[in-house]
Amino acid sequence: MRGWTVAMVAAAMLVGADAVAFPVQVPVGAQGEAPDVAALRAQLAEKDAQLKAALARLQQYEDEADYLRAEQMGVAEAVRASGLPERQQRRLAVAIVREAERNNLDPLLVVALIRCESSFNNYAVSGVGAMGLMQVMPDTGKYLAEKSGWRLGRHTNLFDFETNVNLGTAYLADLINRFGSVEGALVAYNAGPGLAKRILAKKENRVKFMAGYPAKVVKEFRKLKAQQERAISLRAEQTTTDRKG
């Protein structure tokens, strides 16, 4: 014997009812771990693999549910303009629905903003350096990522559509909270929060600016909502017809 090792109670819950409910000493063989500890480690590894598989199935289920909502809202149809491969279109539609709802936004408002900002060009770059679908500025993206507890890394990561939608929706939601309305938030999204405060402070400037970018996004949003309502109405009529038939 080279010594003793301790098998801890916490693992007993994963091993089963026959596991020991208190620390117990077992002999360690010359080649390393005691047989009981090796068996316990293998069982823990198996449980970990089962948990990962279950989480993967749950993620797939959630993705399917989000994509179904994306289809029903018209988001899936809108993202086809991105020109992305079909699989990536699906991921983008899911990302828009998921991130919008996480930030208490209407997914169609996010679609309207993307249409006005980049026309769904994943690699769009503005004259001032805003990037990606939602035209996020690198410094803003870095700040938002750090605020959420993760690191953006290279600014070209803003061309990743899921990252861009994650940050863009969080930014829009934050601006709505800060400026008190969608229109005010859109002024800030387009002009920057500092300039937006000065624009909104003066009636003449506010009216002039509101008639531009914010009005364009809101008009697109209303158009998308009208299309959604027509689609819902048609589905309801079809359901009624099917039941009568």
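The values are calculated or read from the model by the stated rules, or taken from the named source; none is laboratory data. If you're wondering where the values come from, they're calculated on a predicted model, not measured in any experiment. Note that each Cβ is placed from the backbone with ideal geometry, even for glycine, and that neighbours are counted across all protein chains shown.
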Has the range 165-177 got at least one residue that is free of Cβ contacts under 8 Å to residues at least 60 places away in the same chain, part of a loop (DSSP other than H, G, I, E, B) and within 26 Å of the chain's Cα centre (by Cα)? no
Just one of (1) buried (at least 20 other Cβ atoms within 10 Å of the Cβ); (2) out of contact with any Lys or Arg (no Cβ under 9 Å at 6 or more places or on another chain); (3) not acidic (Asp, Glu) trips up ALA124, so point out which. (1)
Can you name every residue in the range 133-158 that is part of a loop (DSSP other than H, G, I, E, B), more than 15 Å from the chain's Cα centre (by Cα) and surrounded by 14 or more Cβ atoms within 10 Å (Cβ to Cβ)? GLN135, MET137
Search the range 186-245 for residues being crowded, with 16+ Cβ neighbours inside 10 Å, free of Cβ contacts under 8 Å to residues at least 40 places away in the same chain and of a type in the set (Val, Ile, Thr), and hand back the single one that is farthest from GLY141 (Cα to Cα). ILE199
Is one or more of the residues making up the range 50-73 among the basic types (Lys, Arg), within 17 Å of LEU133 (Cα to Cα) and either modelled with pLDDT under 95 or surrounded by 14 or more Cβ atoms within 10 Å (Cβ to Cβ) (or both)? no
Residue in the range 175-183 that is out of contact with any Ser or Thr (no Cβ under 7 Å at 6 or more places or on another chain), crowded, with 23+ Cβ neighbours inside 10 Å and closer than 18 Å to PHE221 by Cα present: no
Counting only residues that are within 20 Å of ARG91 (Cβ to Cβ), in a loop (DSSP other than H, G, I, E, B) and not aromatic (Phe, Trp, Tyr), the range 118-132 contains a total of 5
